[in-house]
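**Q** Take this structure first; my questions come after.
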Amino acid sequence: MRVSTRNRFLITKMLRISFLSGFFYAQNPFTKQANFFCKGWIMNWRVYILAAAAFSVGLVELIVGGILPVIADDLGITIASAGQLITVFALVYAISAPVLISMTAKVERKKLYLWALVIFTLGNIMTFFSTSFALVMIARVITAMSTALVVVLSLTITAKIVKPEHRAKAIGLVFMGISSSLVLGVPVGIFLTEAFGWRTVFLGIALLSFLSFLLISLLLEKMPVEKVVPLRDQIKSLASVKISTAHLVTLFMLAGHYVVYAYFTPFLEEAFGLEPLWVSVAYFIIGVASIGGNAFGGIMSDKLGSKRSILTVVSAFAIVLLLLPALTGYLVVFLLFAALWGGLSWALTPAMQNYLIQSAPETSDIQQSLNTSALQLGIAMGSFIGGLVLTFTGSIYTLPMFGAMLVLVALAFAFISLRQPSTEVASQ
């Protein structure tokens, strides 16, 4: 299928904006991701390779969200069933990240990284050749496990290979790779699907990951194994009601978000009759707003404090979700609120990270890992519930209401957590 000059212009603009938005994320004041283009920006050049690898694997998680109708039609399944490709990926990612890191604690880090990239590449090639939903699902499990390893290893290796004064900026660059993949993934996935078919998307991701494999194998030295906190000790840290309910805030907030977001393509198609290109533009707007929301969340957390920020973001998010169906008669207004919705979905993260550090300073690293797992479990839970809602109601307009209900549960857990005394979690 030929791509028109107009469409090429739009895609080019989106690519330019994605770079700038990723750069904006890298300057998030909370995470101290300062401008690495200013004085002192030249750090260990291998960080850029790790960031590129994180970008290539980060594409695979959410890219199916924009092409669910095409996948469902090709495999002869319902959109709700296709949505479980997101559910299973997120669930496997959440569980496998801490488990695999603990299981492979004695494996040299570069060797483990390369094996994870090989498995990731093979998983995407398997998706390309899959002729049934079952095979695609198996491939998603494989890529989810390998993605979890690559992302965690990218961050830990980055922290090891840079000087202490560049560490925050280097980690920020890796996060920029991940966040940029989330911005680019859905719109570019839609564009490539329209031009070449949905399987080509995964072949392209496989090629990117293979390139990352070559660069890592040639340019990264061996990484010594360091002590890893046992999984048993990580789970013990959840004994605190204050901490466990904080993680549940993240879980239910993301669940409420993905009840709608996982099925946003059919929502846009049914509500506005948008063509695929404009669906990709809508996703792109939300993606850029999401990254901006993360930076705004950091500023708000610094100004208002983490506790007030958490309550403000979760409450506002529930209200915006409830309003979405009422705005489907006005596309421009809807997109403005959708951008606000996307921004709020990421605005919670800085405040929650700060809150966890304040509440459990001696196990803060463990809490960040567990909160990431809670986030992925929320994605799995939300996309699963969204599929059930679609199956039993048959209406995409009911999704925001059910999503808002889950966000209100998150708000309840926030109140419970904030009311608990600030007792330290025992160091593991």
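**Q** For segment 352-364, which residues satisfy the criterion of being in a helix (DSSP H, G or I) and in contact (Cβ under 8 Å) with a residue 60 or more places away in the chain? Please lay out each step first, then the result.
**A** Taking segment 352-364 first, the residues in a helix (DSSP H, G or I) are 352-359, 361-364.
Listed by number, the residues that qualify are MET352, GLN353, ASN354, TYR355, LEU356, GLN358, SER359, PRO361, GLU362, THR363.
**Q** Inspect all residues belonging to segment 314-322 and state whether any of them is among the polar types (S, T, N, Q) and either closer than 30 Å to SER240 by Cα or surrounded by fewer than 16 Cβ atoms within 10 Å (Cβ to Cβ) (or both).
**A** yes
**Q** Another question, if that's okay. Given the criteria of a type outside the set (Asp, Glu) and outside any helix (DSSP H, G or I), does GLY329 qualify? If you could, list the steps in order and put the result at the bottom.
**A** Values: of a type outside the set (Asp, Glu): yes; outside any helix (DSSP H, G or I): yes.
So GLY329 passes the test.
**Q** So for segment 302-317 (the condition being on the phi < 0 side of the Ramachandran plot and touching a Gly at 6+ places or on another chain (Cβ under 6 Å)), does at least one residue qualify? First the steps, then the outcome.
**A** Of all residues in segment 302-317, those on the phi < 0 side of the Ramachandran plot come to 302-304, 306-317.
Narrowing further to those that are touching a Gly at 6+ places or on another chain (Cβ under 6 Å): none.
No, segment 302-317 contains no residue that is on the phi < 0 side of the Ramachandran plot and touching a Gly at 6+ places or on another chain (Cβ under 6 Å).
**Q** Which residue, of PHE384, PHE337, is of a type in the set (A, V, I, L, M, F, W, C), under 24 Å from VAL281 (Cα atoms) and modelled with pLDDT of 90 or more?
**A** Going through PHE384, PHE337 in turn, just one is of a type in the set (A, V, I, L, M, F, W, C), under 24 Å from VAL281 (Cα atoms) and modelled with pLDDT of 90 or more: PHE337.
**Q** Looking at this structure, is ALA148 in a helix (DSSP H, G or I), surrounded by fewer than 23 Cβ atoms within 10 Å (Cβ to Cβ), hydrophobic (A, V, I, L, M, F, W, C) and in the same structural domain as PHE55 (by TED's automatic domain parsing)? Outline the logic, then answer.
**A** Working: in a helix (DSSP H, G or I): yes; surrounded by fewer than 23 Cβ atoms within 10 Å (Cβ to Cβ): no; hydrophobic (A, V, I, L, M, F, W, C): yes; in the same structural domain as PHE55 (by TED's automatic domain parsing): yes.
No, not satisfied.
**Q** Next up: Could you tell me whether ARG109 is under 28 Å from SER237 (Cβ atoms), in the same structural domain as GLY185 (by TED's automatic domain parsing) and buried (at least 18 other Cβ atoms within 10 Å of the Cβ)?
**A** Here the answer is yes, as ARG109 does meet what is asked.
The values are calculated or read from the model by the stated rules, or taken from the named source; none is laboratory data. Just so it is clear, the model here is predicted, and its values are computed rather than measured. Cβ: placed from backbone, ideal geometry, glycine included. Neighbour counts: every protein chain shown.
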